[in-house]
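Asks: Mind looking over this structure? Questions follow.
The values are calculated or read from the model by the stated rules, or taken from the named source; none is laboratory data. Since the structure is predicted, the reported quantities are computational estimates derived from the model, not experimental observations. No Cβ is skipped: glycine too gets one built from the backbone with ideal geometry, and neighbour counts run over all protein chains shown.
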Amino acid sequence: MFEDMTEQQARDQILQQVAAYCDTFHNQKPPFEPGQRIPYAARVYDREEMTTLVDSALEFWLTAGRYTDEFEQALSKFLSVAHCSLVNSGSSANLLAFMALTSPLLGERAVLRGDEVITIACGFPTTVAPIVQFGAVPVFVDVTIPQYNIDVAMLEEAVSPRTKAVMIAHTLGNPFDLDAVKAFCTRHKLWLIEDNCDALGSKYRGTYTGTIGDIGTSSFYPPHHMTMGEGGAVYTNDALLHKIVRSMRDWGRDCVCPSGMDNLCQHRFDRQYGELPKGYDHKYVYSHFGYNLKATDLQAAVGCAQLKKLPQFIERRKSNFTRLKEALSDLQEKLILPEACEGADPSWFGFLITCRAGISRDAVVQYLEGKGIQTRMLFAGNLLRHPCFTDMRESGEGYRVVGSLTVTDQIMRDAFWVGVYPGMTDAVIDFIAKSIHESVNR
């Protein structure tokens, strides 16, 4: 079949056929009809993602390569941030972001076991898990409704002589009060990690979230703002933090040469490291206890195509959110609708609703699910009430709670959310609004 072709001609023919296949079998979707399942989120893609994926597969490099480099540079440019590292998941991104702060290269600012990190219990567990897994102490404060972000009035009460960092997420794309949190961190010389996994494309006073603190993280799991299937990123403007992140991502090694390359520093065999023999191969010198959290070039290839669509994805999320909120505005005596933080321009991940007294969250959710509308809780609700915290709760060790988590518990009992992802049409949004009206007016 390819005998009379060059390799490039053969590749072009394959990719043309892949594009036609995608157009025929993946992108022919019928108009929405009530009764169809409405997921809270899903992949939105076309022939470009599929052809770049196959293009990468034909190279068969598999590990991080040219598409990874392209993606890291493109995401850095999009966010206007100096450094970006692609990883295999958003959870790994959070792990690396936190573990970077434990590096001895940071001197007295390094987070040590027993040091405290301010966070919230109302969110996704892998914002908190790295803190616990390392042996630092999470300090939980409450959140507010209808922003669903950290209650900044509690920050000063939460700080102690052992506090080293704040690590919190922008809930469902809604930026937390970065003015207050950043000022607090500056005042007390604390690190700030922005878990930006649900907020890629959100802005705070004109600047992209994830780039305002010391480190930001993203997730590219299928429901998120863009997807690679699995994947994540860590980004920062701090060159030292970037060096530490890269080291810990890549086995903890000291060398910065990418896979398949040697001796970029021109000092591979002539330096002294630790107590190793002088001239020991720098490719196998380890400055941290690290991991292997790299993504594959196959994932990065999909990400490169998705990133080109990200601006239109963001605008569609905003449009769907606005349409749904306007359609539900007459229900505000029964439902608390979400609001953006002052100064924020959210790239909404979902539409979060809290049922007021007299309205059963469970009844509303069951009604919507019966209509084919997928719903979600606000992740853990209250992480401290989950089995993973049972032993810590019974012993009274390993974490602190400042004040009460009354609002967190209210969200756990009474809140849920529905999607606004860019694959939703106006007809889908209108059907969701109609069904919510029916659920609370029965």
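Asks: It is to be established whether one or more residues within segment 136-152 are small (Gly, Ala, Ser), out of contact with any helix residue (DSSP H, G or I) (no Cβ under 9 Å at 6 or more places or on another chain) and not assigned by TED's automatic domain parsing to the domain that holds residue 351.
Replies: Checked segment 136-152: no residue is small (Gly, Ala, Ser), out of contact with any helix residue (DSSP H, G or I) (no Cβ under 9 Å at 6 or more places or on another chain) and not assigned by TED's automatic domain parsing to the domain that holds residue 351.
Asks: Taking only pairs six or more apart or across chains, which ones have beta-carbon atoms under 8 Å, a first residue in segment 8-24 that is of a type in the set (Asp, Glu), and a second residue that is buried (at least 16 other Cβ atoms within 10 Å of the Cβ)?
Replies: As it stands, the answer is 23/47, since those pairs meet every condition given.
Asks: Give segment 15-72 a look and list any residue that's of a type in the set (Phe, Trp, Tyr) and closer than 23 Å to residue 2 by Cα, or say none.
Replies: 21, 60, 61
Asks: I've got another one for you. Of the numbered conditions (1) small (Gly, Ala, Ser); (2) at pLDDT 95 or above; (3) under 30 Å from residue 422 (Cβ atoms); (4) surrounded by 19 or more Cβ atoms within 10 Å (Cβ to Cβ), residue 158 satisfies every one except a single condition; which is it?
Replies: It fails just one condition, (3).
Asks: For segment 103-123, give me each residue that is in contact with a His (Cβ under 9 Å, 6 or more places away or on another chain) and buried (at least 16 other Cβ atoms within 10 Å of the Cβ).
Replies: 103
Asks: Of the conditions (1) in contact (Cβ under 8 Å) with a residue 60 or more places away in the chain; (2) touching a Ser or Thr at 6+ places or on another chain (Cβ under 6 Å), residue 254 clears all except one; give me its number.
Replies: Result: residue 254 passes all but (1).
Asks: What is the residue count in segment 166-198 for residues that are more than 23 Å from residue 154 (Cα to Cα) and among the hydrophobic types (A, V, I, L, M, F, W, C)?
Replies: So in segment 166-198, the residues more than 23 Å from residue 154 (Cα to Cα) come out as 197-198.
Imposing the further condition that a residue be among the hydrophobic types (A, V, I, L, M, F, W, C) reduces the set to 197.
Qualifying residue count for the region: 1.
Asks: Among the residues of segment 1-57, write down those that are hydrophobic (A, V, I, L, M, F, W, C) and surrounded by fewer than 14 Cβ atoms within 10 Å (Cβ to Cβ).
Replies: Selection gives 1, 2, 5, 20, 25.
Asks: Here are some conditions: (1) more than 20 Å from the chain's Cα centre (by Cα); (2) surrounded by 15 or more Cβ atoms within 10 Å (Cβ to Cβ); (3) part of a helix (DSSP H, G or I); (4) not basic (Lys, Arg). Residue 126 meets all but one. Which one does it not meet?
Replies: Looking at each condition in turn, residue 126 falls short on (1).
Asks: To continue, here is another question. Residues that are crowded, with 20+ Cβ neighbours inside 10 Å and under 30 Å from residue 35 (Cβ atoms): does segment 392-405 have at least one? Don't jump to the end; show me each part of the working.
Replies: Of the residues in segment 392-405, the ones crowded, with 20+ Cβ neighbours inside 10 Å are 399, 405.
Narrowing further to those that are under 30 Å from residue 35 (Cβ atoms): none.
No, every residue in segment 392-405 fails to be crowded, with 20+ Cβ neighbours inside 10 Å and under 30 Å from residue 35 (Cβ atoms).
Asks: Okay, moving on. Which residue, of 183, 199, is in the same structural domain as residue 222 (by TED's automatic domain parsing), modelled with pLDDT of 95 or more and buried (at least 24 other Cβ atoms within 10 Å of the Cβ)?
Replies: Testing whether each residue is in the same structural domain as residue 222 (by TED's automatic domain parsing), modelled with pLDDT of 95 or more and buried (at least 24 other Cβ atoms within 10 Å of the Cβ) leaves just 199.
Asks: Let me spell it out: the conditions are (1) more than 25 Å from residue 431 (Cα to Cα); (2) part of a loop (DSSP other than H, G, I, E, B); (3) out of contact with any Asp or Glu (no Cβ under 9 Å at 6 or more places or on another chain), and residue 72 meets all of them except one. Which number is the exception?
Replies: (2)
Asks: Please find, within segment 233-272, the residue that is surrounded by the fewest Cβ atoms within 10 Å (Cβ to Cβ) out of those that are under 36 Å from the mean Cα position of the chain (by Cα) and of a type in the set (Phe, Trp, Tyr).
Replies: The selected residue is 251.
Asks: Since residue 378 meets every condition but one in (1) at pLDDT below 95; (2) in contact with a Cys (Cβ under 9 Å, 6 or more places away or on another chain), which condition does it not meet?
Replies: Only one criterion is unmet by residue 378, namely (1).
Asks: Does residue 2 satisfy being part of a loop (DSSP other than H, G, I, E, B), over 30 Å from residue 370 (Cα atoms), aromatic (Phe, Trp, Tyr) and modelled with pLDDT under 95?
Replies: Details: part of a loop (DSSP other than H, G, I, E, B): yes; over 30 Å from residue 370 (Cα atoms): yes; aromatic (Phe, Trp, Tyr): yes; modelled with pLDDT under 95: yes.
So residue 2 passes the test.
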